[in-house]
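Each remark here refers to the structure printed beneath this line.
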Amino acid sequence: MPERRTVALVTLGCARNEVDSEELAGRLEADGWQLVEDAADADVAVVNTCGFVEAAKKDSVDALLEANDLKDHGRTQAVVAVGCMAERYGKELAEALPEADGVLGFDDYTDISDRLQTILSGGIHASHTPRDRRKLLPISPAERQESAASVALPGHGPVDLPEGLAPASGPRAPLRRRLDGAPVASVKLASGCDRRCSFCAIPSFRGSFISRRPSDVLNETRWLAEQGVKEIMLVSENNTSYGKDLGDIRLLESLLPELAEVDGIERVRVSYLQPAEMRPGLIDVLTSTPKVTPYFDLSFQHSAPDVLRAMRRFGDTDRFLELLDTIRSKAPEAGVRSNFIVGFPGESEADLAELERFLTGARLDAIGVFGYSDEEGTEAATYGDKLDEDLVAERLARVSRLAEELVSQRAEERVGETVHVLVESVDEEEGVHGRAAHQAPETDGQVLLTSGEGLSVGRMVEAKVVGTEGVDLVAEPLTGSLACSEEAGR
């Protein structure tokens, strides 16, 4: 019997990429590939790249070069690039990076097994010429669902697969294979984006916004619960638009309670929310539904009106603060995070001071700050009035220092609070770590529990915050708090 072909997936970038990698893993395993964790143990190393900003693209190139080095020392025979950077640059990336044996775009995903086999056998797969994926679907959102079947949408693999293709767990199994045993998993709610932010190239290579069917989201969540997942995080480029192409812009409000009722799920988290699209009904559901955590990942980007208009965005400091006041009037413990760009073309010292005023008043739990840099193909790249790179770096350092101070202060405000912590690691030397409801995976800090007695990964424990370490919390488990109630996710 021939030895099974082995493949490893290396994932960079956001949680959306993680879902895409698990769909690719499902396709490959269904076609007989053996998935291995370490690229050095794989015949083919598949690097799921990020193409968002320069730093992410550099990390992707470095990962491809690192995987290529394995061809001299390990089992690895081929290195293949997939993901956003591969889709965005296609043939150009293949020519610039000959160390990659293949550069595959989203249209190759359904045939990923054949593509890898061709490359592994020494064949050549011609890389695609990039195109604006917004043009693949109708302009009108209401007309998109009918065309969706003919467009490659990573992370939208079918649920209720034909016999022989679905994993063994049952008929609800999605075209997905988990790559780790973590108690939290992301679920794609939609793909693409209809917004036209002047600094962002994502819509051009991810395409127009299109929602997944609620039944697919629900069934995938049930399948994940069967795999031991306790928390799901709904991801897309813009979750507040969910349902607009299905005829109901308020569809998320009705879907969330259904997801929260799935057996085994203790916490439902929604990420990627647009402040300009927040509506009272969605805030109500996010702050009042058991097991739906009052967590608001709001994409503010800036707060000075002139900068926001140049970004093709809406709002200002006072309106943003009013939104946060509304949220906290309904859920005082709500978690809020956001990202910001400093040094945008035309940003004045007064604009920066306005951003600092917002940050100081917002009491955010986590803040990401980025210095502006041109992204090819974006409107902002054509703007005049660019700031000097040294000035951008100076402003980045200044706002980053402020952000670090403010999130530490916000963490200190939580001392004395009772939090529900999902245990994610138990280590004799490092201790027991997990996340509270206001902390998303990877980005928002964590909780160190002072005692690990009786705790295991995946347990939800009630604890009292007794200290802080920067953005991280230190909490003491409360007696009898293991076996959480319906309120565990709140």
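The values are calculated or read from the model by the stated rules, or taken from the named source; none is laboratory data. Please read all numbers here as calculations on a predicted model, not as lab measurements. Here Cβ is always computed from backbone atoms with ideal geometry, including for glycine, and neighbour counts include all displayed protein chains. SASA here: full protein model, heavy atoms, side chains in, ligands and nucleic acids out. Shrake-Rupley method; radii C 1.70, N 1.55, O 1.52, S 1.80 Å.
Take the residues in the stretch 112-139 that are among the hydroxyl-bearing types (Ser, Thr, Tyr) and over 26 Å from the mean Cα position of the chain (by Cα); name whichever of them is farthest from GLY51 (Cα to Cα).
If we filter the stretch 112-139 for residues that are among the hydroxyl-bearing types (Ser, Thr, Tyr), which is where we start, we get 113, 118, 121, 127, 129.
Pick out the ones that are also over 26 Å from the mean Cα position of the chain (by Cα) and you get 118, 121, 127, 129.
Numbers: THR118: 25, SER121: 28, SER127: 17, THR129: 16 Å.
Per the stated criteria, the residue is SER121.
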Odd one out for GLY243 among (1) open to solvent by less than 10 Å² (accessible area, probe 1.4 Å); (2) in contact with a helix residue (DSSP H, G or I) (Cβ under 6 Å, 6 or more places away or on another chain); (3) outside any helix (DSSP H, G or I); (4) under 22 Å from LEU422 (Cα atoms):
(4)
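Specify which of the listed residues (THR129, THR49, THR76) is touching a helix residue (DSSP H, G or I) at 6+ places or on another chain (Cβ under 8 Å) and loosely packed, with under 15 Cβ neighbours inside 10 Å. Even if it seems obvious, please write down each step before you answer.
Values: THR49 fails: loosely packed, with under 15 Cβ neighbours inside 10 Å; THR76 fails: loosely packed, with under 15 Cβ neighbours inside 10 Å.
When all the criteria are applied, what remains is THR129.
When the stretch 278-322 is examined, which residues are found to be of a type in the set (Asp, Glu) and touching a Lys or Arg at 6+ places or on another chain (Cβ under 9 Å)?
Of all residues in the stretch 278-322, those of a type in the set (Asp, Glu) come to 284, 297, 306, 316, 318, 322.
Result: ASP284, ASP297.
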With the first residue restricted to the stretch 457-473 and required to be free of Cβ contacts under 8 Å to residues at least 60 places away in the same chain and under 19 Å from LYS291 (Cα atoms), and the second required to be among the basic types (Lys, Arg) and open to solvent by 10 Å² or more (accessible area, probe 1.4 Å), Cβ contacts under 9 Å at 6 or more apart or on different chains are ARG459/LYS230
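Being over 25 Å from ASP444 (Cα atoms), open to solvent by 20 Å² or more (accessible area, probe 1.4 Å) and modelled with pLDDT of 95 or more is the filter here, so list the residues in the stretch 369-406 that pass it.
Step one: of the stretch 369-406, the residues over 25 Å from ASP444 (Cα atoms) are 374-391.
In the following step, the residues that additionally are open to solvent by 20 Å² or more (accessible area, probe 1.4 Å) were identified as 374, 376-377, 379, 381-391.
Passing the criteria: GLU379, ALA381, THR382, TYR383, LYS386, LEU387, ASP388, GLU389, ASP390, LEU391.
May I ask you to verify whether GLU429 is out of contact with any helix residue (DSSP H, G or I) (no Cβ under 9 Å at 6 or more places or on another chain), surrounded by fewer than 18 Cβ atoms within 10 Å (Cβ to Cβ), among the acidic types (Asp, Glu) and modelled with pLDDT of 95 or more? Full working, then the answer.
Numbers: out of contact with any helix residue (DSSP H, G or I) (no Cβ under 9 Å at 6 or more places or on another chain): yes; surrounded by fewer than 18 Cβ atoms within 10 Å (Cβ to Cβ): yes; among the acidic types (Asp, Glu): yes; modelled with pLDDT of 95 or more: no.
No, not satisfied.
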Filter result (surrounded by fewer than 20 Cβ atoms within 10 Å (Cβ to Cβ) and either closer than 16 Å to ASN239 by Cβ or of a type in the set (Ser, Thr, Tyr) (or both)) within the stretch 257-272:
PRO257, GLU258
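Only one of ALA331, ALA304 is buried (at least 16 other Cβ atoms within 10 Å of the Cβ) and more than 23 Å from LEU234 (Cα to Cα). Can you tell me which?
Working: ALA331 fails: more than 23 Å from LEU234 (Cα to Cα).
ALA304 is the lone residue from the list that is buried (at least 16 other Cβ atoms within 10 Å of the Cβ) and more than 23 Å from LEU234 (Cα to Cα).
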Taking ALA86 and the conditions (1) in contact with a helix residue (DSSP H, G or I) (Cβ under 9 Å, 6 or more places away or on another chain); (2) modelled with pLDDT under 85, which numbered condition does it fall short on, given that it satisfies the others?
(2)
Qualifying positions in the stretch 104-144 - touching a Ser or Thr at 6+ places or on another chain (Cβ under 9 Å), among the aliphatic types (A, V, I, L, M) and modelled with pLDDT under 95
ILE124, LEU136, LEU137, ILE139
Out of (1) closer than 18 Å to PHE199 by Cα; (2) in contact with a Phe, Trp or Tyr (Cβ under 9 Å, 6 or more places away or on another chain), what's the single condition that is false for LEU352?
(2)
Looking at (1) open to solvent by less than 20 Å² (accessible area, probe 1.4 Å); (2) within 30 Å of VAL419 (Cα to Cα), which one does MET311 not meet, given that it meets all the others?
(2)
Can you find even one residue in the stretch 212-234 that is surrounded by fewer than 20 Cβ atoms within 10 Å (Cβ to Cβ) and among the hydroxyl-bearing types (Ser, Thr, Tyr)?
yes
Tally up the residues in the stretch 273-301 that are closer than 26 Å to PHE370 by Cα and open to solvent by 10 Å² or more (accessible area, probe 1.4 Å), please.
8
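Could you check the stretch 363-414 and list, in sequence order, the residues that are part of a loop (DSSP other than H, G, I, E, B) and more than 29 Å from GLN439 (Cα to Cα)? Break it down stepwise before answering.
Initially, the stretch 363-414 is screened for residues part of a loop (DSSP other than H, G, I, E, B), giving 363-365, 372-379, 383-388, 414.
Listed by number, the residues that qualify are ASP374, GLU375, GLU376, GLY377, THR378, GLU379, TYR383, GLY384, ASP385, LYS386, LEU387, ASP388.
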If I go through the stretch 388-427 residue by residue, how many of them are in contact (Cβ under 8 Å) with a residue 60 or more places away in the chain and among the hydroxyl-bearing types (Ser, Thr, Tyr)?
2
If I ask for residues that are in contact (Cβ under 8 Å) with a residue 60 or more places away in the chain and assigned to a helix (DSSP H, G or I), which ones from the stretch 124-142 would you list?
ARG133, ARG134, LEU136, PRO141, ALA142
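Looking for something open to solvent by 30 Å² or more (accessible area, probe 1.4 Å) and free of Cβ contacts under 8 Å to residues at least 40 places away in the same chain - is there at least one such residue anywhere in the stretch 356-368? Spell out how you get there, then give the answer.
Here is the first cut: in the stretch 356-368, the residues open to solvent by 30 Å² or more (accessible area, probe 1.4 Å) are 356-357, 360-361, 363, 367.
Keeping just the survivors that are free of Cβ contacts under 8 Å to residues at least 40 places away in the same chain gives none.
Within the stretch 356-368, none of the residues are open to solvent by 30 Å² or more (accessible area, probe 1.4 Å) and free of Cβ contacts under 8 Å to residues at least 40 places away in the same chain.
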Can you pull out the helices (runs of 4 or more DSSP H) entirely within the stretch 1-111 that have at least 3 residues that are within 22 Å of the chain's Cα centre (by Cα) and within 26 Å of VAL235 (Cα to Cα)?
15-30, 54-69, 83-89
